Structure formats: C-alpha cells, structure tokens
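Take a look at the structure below.
The values are calculated or read from the model by the stated rules, or taken from the named source; none is laboratory data. These numbers come from a predicted model, not from an experiment. The protein model used for the area step is the full one, side chains on, heavy atoms only, and it has no ligands, DNA or RNA in it. Shrake-Rupley method; radii C 1.70, N 1.55, O 1.52, S 1.80 Å.
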Amino acid sequence: RQGIGEPSVYHAVVVIFLEFFAWGLLTTPMLTVLHQTFPQHTFLMNGLIHGVKGLLSFLSAPLIGALSDVWGRKSFLLLTVFFTCAPIPLMKISPWWYFAVISMSGVFAVTFSVIFAYVADITQEHERSTAYGLVSATFAASLVTSPAIGAYLSQAYGDTLVVVLASGVALLDIGFILLAVPESLPEEMRPVSWGAPISWEQADPFASLRKVGQDSTVLLICITVFLSYLPEAGQYSSFFLYLRQVIGFSSETVAAFIGVVGILSILAQTVVLGILMRSIGNKNTILLGLGFQILQLAWYGFGSQPWMMWAAGAVAAMSSITFPAISAMVSRSTDPDQQGVVQGMITGIRGLCNGLGPALYGFVFYLFHVELNEMAEVETLGKASKPNMANPTDESSIIPGPPFLFGACSVLLSLLVALFIPEHNLALRSGSHKKHSAGAQAHPHSPPAGGSDGKEPLLEDSSV
C-alpha cells in the first residue's frame, strides 16, 4: 500500500488543513488584486467569478464522487487539491488568468466530498460523526489562523511573499498526498477498477433534487436550507471585500474579524449548540439560529460603522448553529439506509446555492450602485469609518449593504417555512416514507456507502 502507515483520519485532516491554510493566507492580497483588476463593478465581477465556480462544482461533484468510488480516493484527492490550488501563483503572474482559472477550477473544487468519502472508507458508522467533526474543526482552525498571518506578512513584507508562501503550502499539500496518504478504498470494494461504466444516473447533479418532493418533511427541510443558505453563500463570497472597501476595515482588522468570528462560531457549534438541543429541542434550535441569521443580515445591511459590523459578527457566530441542527433533524427524520439519499438532496441544494448566491449578491450590489473608489482613497479615508461609495446621494447611502437586506428577507421566509416542519413523530414519518418510496429509492443512483456518507457532513462544514 503506497503512503505512510494505514489510512487514517489524520491523513484527511492534514490535507484539508494545508489546502485551506494556503487559501486563507491570500485573503488580504486577493481583495487588493480583485479591486485593481476590476476597478469598475468590482462586486458584480466578484459575484460572477464565485458564481461560475460554485455552479461548476455543483455540476461536477456527483461525477467525481462516482469516479472515486471506482478508481479510488487518492488519485482524486491529488486531482482536486492540485486544480483547486492551481490559481494561487497566477495571482502575481497574471491577475486576469488568476480569476479565469479560479472560475474554471470549480470543476475540481470538491475536495471536501472526496475527503469525507475517504473518512467513511476507514471508519465504523459509530465513529463517523466524531471523525467528521475533527475534519470540520480542522477546516475552521485553518481559516481562523491563516488570514491573520497573511495580513501581517503582507503588511510587513508585501503581497508577493504571501503568494509565494501560499504556493509553497499548496505544493506541500500535493507532496503529502503523493508520498504520505495511503489509498483508503480497497481494491475488492471497487466495481471493476479502471473500466467500470459510470451511469448518467450516478453523475446527474439534479437526480437527488428530483426526489425532494417525495416526503413533505424532507421537502420543508430542503426549502428551509435553500432560502437560508442562498444568502449565506453570497455573503461568504463578498463580505470580506465589503468590509475592506466599503466599511473601511484595514487588512489587519479584517483578519482579526475572521479570527474572532471563527472562534465564536466554534464555541457556538460545540458548547452552545449542545445546551440548546438539550433544553429547547431540535426544531426550536433551528428557529433560533434562523432568527440570529435574520438579525445578523439586517445589521450588515443597515450598518455603516465598524462597531456595527463587530456586533453583527457576534450574532453571525450564533447563527452558525442552524446547519448542525438541521443536519441532526435530517438524520432523525430518515431511516439509516436512507441517510445518504436524503443528505445528498441537502448537499445538492447547498451546491446550487454556492453558485447562485454569489452571483445574486454581485448583481444586487450592481443594481444599487454600490461601487468602489480608487484604492488610494480607500486607504486614506478608511479610518474615518465612512461607507466608501461611488454615489453617496442615492439609495446606497441609506442602505449600505442592499444584498444583506435581501438575504434577511430570504431567511425570514425560511423561518416561516421551518415553523411547519413537524418535530414529533419523525421516526413514524420516516418509516412510512421508507415503505412508500422504497421502490423509488432503490435504484442505481443510490450511492455506495463511501460516497453517500461522504456527502453527509457537508452541512456541518458550511456552518463553520
């Protein structure tokens, strides 16, 4: 067996940490390059770039998952990490090529799917949630630490050093996969290695979405996920740029903001989530998380002062309890042999949001004329804590962040839908669901054990 030792969760943890640490280092330089490359309609272009990447990931994830079930995980870990990190050195070589390659890299930007399939191959079912939690916590830790380090190095030594360092970390990750990561999928577990046919049913990204309406409880959960994750995906794509260029945060302050909110989110998802689930129940925890998300987005939308962003960031940390709570409810509402199918529906909806959300946010910024002035003006006026907008006399002076307000309305609709999710007798519903839909579910689309379990924890990943 190639690699060092037996396959373990720690191999997966190192791969995830290095990949996202490399990208986290680039938080500050990327904001600068984005504005310099697209001085006009910066938010719109940012949304389109991330939107194309998200939609390509959504379309390619089932196919890559199916191929990894046949050809093994290691080769696809190498493929996804290589192409996901390929744009990094281009940031200084050619910014236009950098953003073009970022968009196209969405075809392979599905490392998490392969990593979770890797973990599913080597763990027993009762160990899996703990292993997934370790991988997700590592993802959080990499994003909590790396932006601050990147901002400090950028300030002290320039962006070029940060790009070189990030490229080095990415190469280290690729080398680690090549030399140290053993294959997790035994040869006897593969259908017919390097020759098995892949059906369209396995590779169809919309196949799981078509099953959404088969059970009313699952349908309500999926609508809740779509309406609440759509603004969250858009927020992730543009919020740091918004803080940096519109609110006037410095690079160091943006890095500190990421670190503080990340740490608070980890505490919320561990300590606070456990207390709430025991005290007020699963459904009420979801409703509370959605309420915090509405407050957070409204605060982002109307806030124009830095202290408002910090306060809203603390609320955002509390809103991160929503998706782990939804994941728990999905697990409770379905039978063990249907977990992969139903979790696959949630994952498909989230993948769709990863493409639609950024594009929607960029388009709304464009509609409301929230644009950026020259970089020099941002640097000199940023400390005045004034919104930096091209048209201060129009609607943007009243609503500094229009997309966040649109997002708050979307989450409000999500909250109203979530009110109708039945909390009791879920086990009975899942039993009847299994009887009525057994024929529909038992077809070749149902992914193998590794692939289906690989999709399950992506809900938790997104809430970090």
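Below, the figures for the structure above:
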read-out: Relative contact order [Cα under 8 Å, 6+ residues apart], region 1-185, whole percent; value: 48 percent
read-out: Thr253 accessible area, 1.4 Å probe, all protein chains in place, Å² to nearest 10; value: 40 Å²
read-out: Heavy atoms of Cys409: accessible area, 1.4 Å probe, square angstrom to 10; value: 80 Å²
read-out: Probe 1.4 Å, all protein chains present, accessible-area order of Trp71, Trp97, largest first; value: Trp97, Trp71
read-out: Accessible area in the full protein assembly, largest first, 1.4 Å probe, for His35, His369; value: His369, His35
